[in-house]
């Protein structure tokens, strides 16, 4: 591929609204990258129990399961921009309260669980609104470049944020690290509030329940969509357990704790940043087939931790998983944004998120118990298998293998306006 593909994509940053959204991603995800590390080590320091840590870490995903369909429907019915501002403001509040509890010495597992549930509710309002909001900021033909650049912003921030998190948790503590996360959400809310997106596609005149039904009907119409979401219900459960619990626990017990896990997480972030750059000029004829093959690389990190390999080798496996993850994400969201009617996009995205995360809390909690009863190696091998086996199954689905970019690009175009 030629270099102009990257140069043309970077021209999007000359557009003021996209540039502001890009900066909002940079700032908010810098703080967000710190939060899982701060929470994991904060709870481990508080109680010393991986089971307690698992309960707190599972809370935001549980909240997303409960709230996300409401968030997707509200985003389609009202204003995605306002939904994003509300979500970031809510996340800011909950993270700052968590910071206060850690700093003041008043943190308890029940309080942290409740606050992380609130944070997860904010994520549930944010995610489907964001998926539908990007096509209001950039033209259809620029969606892959926009998703790649926003992914690069997110992942470069994750790289720096994860690297800083291990150092900050070890030096200034989990509380101050969470405070930085809270402030980042506040800045992001201000930036998004200043944007001027294109008018939002108008939904059908229907009740809230009917809106949910219409979103579900569109979701199940596309076999490639619901089968990959079903696959990711297991993949995400395994990866959330690895990143939220097993990785921090292994590095705490067998390596150099938060500092090493910060380096490994930074390797993942650097990989996703690299993947975002590569996908700017990536052209594949069968996007879902290529994306699904990338998922096999997600198993490298739990396999490396199971040994465990050296810090450098584990970080390299995290890097490769990050490259694959970002390529998958850009191809996935670009296909979704082009194939799904604009007035249904946030609702379908909500079903996507719900299906993908529905088993994640169970995966984290089960991993916490397996870690204590079977040990780290066996639990991590189970996590790797939970990535590989569903991915092999999805490759058997004809629509996943045969969906082409021509079919995606020939899908409906936006015809409704609010």
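The values are calculated or read from the model by the stated rules, or taken from the named source; none is laboratory data. Remember, predicted model here, so these are calculated numbers, not experimental data. Because the Cβ atoms are built from the backbone with ideal geometry, glycine has one as well, and the counts that use them run over all protein chains shown.
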(request) Could you pull out the residue among 309, 268, 297 that is assigned to a helix (DSSP H, G or I) and surrounded by fewer than 23 Cβ atoms within 10 Å (Cβ to Cβ)? (result) 297
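Condition check: farther than 16 Å from residue 184 by Cβ and at pLDDT 85 or above. Does residue 93 satisfy that? If you could, list the steps in order and put the result at the bottom.
On the way: farther than 16 Å from residue 184 by Cβ: no; at pLDDT 85 or above: yes.
Spelling it out, it is not the case that residue 93 is farther than 16 Å from residue 184 by Cβ and at pLDDT 85 or above.
Considering each of 348, 408, 323, 330 in turn, give the residue that is in contact (Cβ under 8 Å) with a residue 12 or more places away in the chain, over 21 Å from the mean Cα position of the chain (by Cα), buried (at least 17 other Cβ atoms within 10 Å of the Cβ) and in a helix (DSSP H, G or I).
On the way: 348 fails: over 21 Å from the mean Cα position of the chain (by Cα); 323 fails: over 21 Å from the mean Cα position of the chain (by Cα); 330 fails: over 21 Å from the mean Cα position of the chain (by Cα).
Exactly one residue qualifies, and that residue is 408.
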(request) Please identify the pairs in which a residue from the stretch 124-138 that is under 25 Å from residue 358 (Cα atoms) has its Cβ atom under 7 Å from the Cβ atom of a residue that is not in a helix (DSSP H, G or I), counting only partners at least 6 apart or on another chain. (result) 133/197
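Residue check: is residue 168 without any contact (Cβ under 8 Å) to a residue 60 or more places away in the chain and in a helix (DSSP H, G or I)? Talk me through it step by step, then tell me what you get.
On the way: without any contact (Cβ under 8 Å) to a residue 60 or more places away in the chain: no; in a helix (DSSP H, G or I): yes.
Criteria not met by residue 168.
When residues of the stretch 197-250 are filtered for being over 30 Å from residue 39 (Cβ atoms) and part of a helix (DSSP H, G or I), how many remain?
Restricting attention to the stretch 197-250, the residues satisfying the condition of being over 30 Å from residue 39 (Cβ atoms) are 197-227.
The next check asks that each one be part of a helix (DSSP H, G or I); those that pass are 208-221, 223-227.
Of the residues in the stretch 197-250, 19 are over 30 Å from residue 39 (Cβ atoms) and part of a helix (DSSP H, G or I).
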(message) Is it the case, given these coordinates, that residue 149 is under 24 Å from residue 190 (Cβ atoms) and assigned to a helix (DSSP H, G or I)?
(response) yes
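Here's the yes/no breakdown for (1) closer than 25 Å to residue 264 by Cα; (2) at pLDDT below 90:
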| residue | (1), (2) |
| --- | --- |
| 213 | no, yes |
| 216 | no, no |
| 223 | no, no |
| 232 | yes, no |
| 245 | yes, yes |
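Just checking, does the stretch 16-24 include any residue being loosely packed, with under 15 Cβ neighbours inside 10 Å and either modelled with pLDDT of 80 or more or within 23 Å of the chain's Cα centre (by Cα) (or both)? Show your work before the answer.
Residues of the stretch 16-24 loosely packed, with under 15 Cβ neighbours inside 10 Å: 16, 19.
Of the ones still in play, those that are also either modelled with pLDDT of 80 or more or within 23 Å of the chain's Cα centre (by Cα) (or both) are 16, 19.
Within the stretch 16-24, one or more residues are loosely packed, with under 15 Cβ neighbours inside 10 Å and either modelled with pLDDT of 80 or more or within 23 Å of the chain's Cα centre (by Cα) (or both).
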